[in-house]
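Worksheet for the structure shown next.
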Amino acid sequence: MHFRRLKLSGFKSFVEPSELRIEPGLTGVVGPNGCGKSNLLEAIRWVMGENSPKSLRSGGMEDVIFAGTAQRPQRDFAEVVLDATTDSGDELEVVRRIERGAGSAYRINGRDVRAKDVSLTFADAATGAHSPALVSQGKIAQVIAAKPTERRMMLEEAAGIAGLHVRRRDAESK
Ligand code: ATP
Ligand code: MG
């Protein structure tokens, strides 16, 4: 899967609508401290279905919404759009939006879907929200210090079989 474009609005420090083109190959994000590099990576993980506020450095999920500054009022919603091309050539537009007091809503190619549908879409493509394809700050140290079971999960995600486990757990709980 190739991520082609990322659009953010009201997500963390990206208060104004912002759009980034992602070229094929390895992408690095550089800039001064506090300019929003980690926020960008978190926006990608968030639109892919990340549901742990802690791993987004937030107390609660609504904390991803622009909180306001002395000069600017806070926003009522955050929205991230990820355009991707799957390995089979299909175009994918994934949207996640959160409104204060209303939780998250997801769309894939204009259709309302569940969080689980989004997670599965990416888990099957080996690019899940916890995918080793996204290397965030501290991640390398984490891989080195991981317990064997945690390291196995990382390898399974890299191998693209994480989606199978999600489906198995789902089937077992029915
Ligand atoms: P470093 O080089 O130190 O790792 P960075 O480029 O990764 O920095 P980020 O951590 O992405 O920077 O961005 C931090 C900035 O984002 C801080 O100024 C913080 O106040 C701002 N920020 C985070 N969440 C919100 C929010 N909900 N509303 C407004 N600003 C936010
Ligand atoms: Mg950072």
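The values are calculated or read from the model by the stated rules, or taken from the named source; none is laboratory data. Values in this document were obtained by computation on a predicted structure and should not be read as measured data. Cβ: placed from backbone, ideal geometry, glycine included. Neighbour counts: every protein chain shown.
So which residues in the range 1-29 are of a type in the set (D, E, K, R) and either away from ligand 2 (no atom under 16 Å from the Cβ) or within 21 Å of Thr121 (Cβ to Cβ) (or both)?
Arg4, Arg5, Lys7, Glu16, Glu19, Arg21, Glu23
Which of the residues belonging to the range 7-19 are more than 14 Å from ligand 1 (Cβ to nearest atom) and either in contact (Cβ under 8 Å) with a residue 12 or more places away in the chain or in contact with a Pro (Cβ under 9 Å, 6 or more places away or on another chain) (or both)?
Across the range 7-19, the qualifying residues are Lys7, Glu19.
May I ask you to list pairs of residues, at least six apart or on different chains, whose Cβ atoms are under 7 Å apart, with the first in the range 139-162 being under 26 Å from Thr121 (Cβ atoms) and the second being surrounded by 12 or more Cβ atoms within 10 Å (Cβ to Cβ) and hydroxyl-bearing (Ser, Thr, Tyr)?
Glu157/Ser131
For Gln74, which of the numbered conditions (1) modelled with pLDDT of 95 or more; (2) part of a loop (DSSP other than H, G, I, E, B); (3) surrounded by 16 or more Cβ atoms within 10 Å (Cβ to Cβ) fails to hold?
(3) is the only condition that Gln74 fails.
Only residues that are part of a helix (DSSP H, G or I), surrounded by 11 or more Cβ atoms within 10 Å (Cβ to Cβ) and without any contact (Cβ under 8 Å) to a residue 24 or more places away in the chain: list them for the range 31-54, please.
Answer for the range 31-54, where residues must be part of a helix (DSSP H, G or I), surrounded by 11 or more Cβ atoms within 10 Å (Cβ to Cβ) and without any contact (Cβ under 8 Å) to a residue 24 or more places away in the chain: Lys37, Pro53.
Please indicate, with yes or no, whether at least one residue in the range 136-157 is more than 16 Å from ligand 1 (Cβ to nearest atom), at pLDDT below 80, surrounded by fewer than 16 Cβ atoms within 10 Å (Cβ to Cβ) and part of a helix (DSSP H, G or I).
No, because not a single residue in the range 136-157 is more than 16 Å from ligand 1 (Cβ to nearest atom), at pLDDT below 80, surrounded by fewer than 16 Cβ atoms within 10 Å (Cβ to Cβ) and part of a helix (DSSP H, G or I).
Within the range 55-71, take every residue that is within 16 Å of ligand 2 (Cβ to nearest atom) and assigned to a loop (DSSP other than H, G, I, E, B) and give me the one that is surrounded by the fewest Cβ atoms within 10 Å (Cβ to Cβ).
Top of the filtered list is Arg57.
Got a number for residues in the range 43-89 being among the acidic types (Asp, Glu), closer than 20 Å to Glu16 by Cβ and more than 7 Å from ligand 1 (Cβ to nearest atom)?
4
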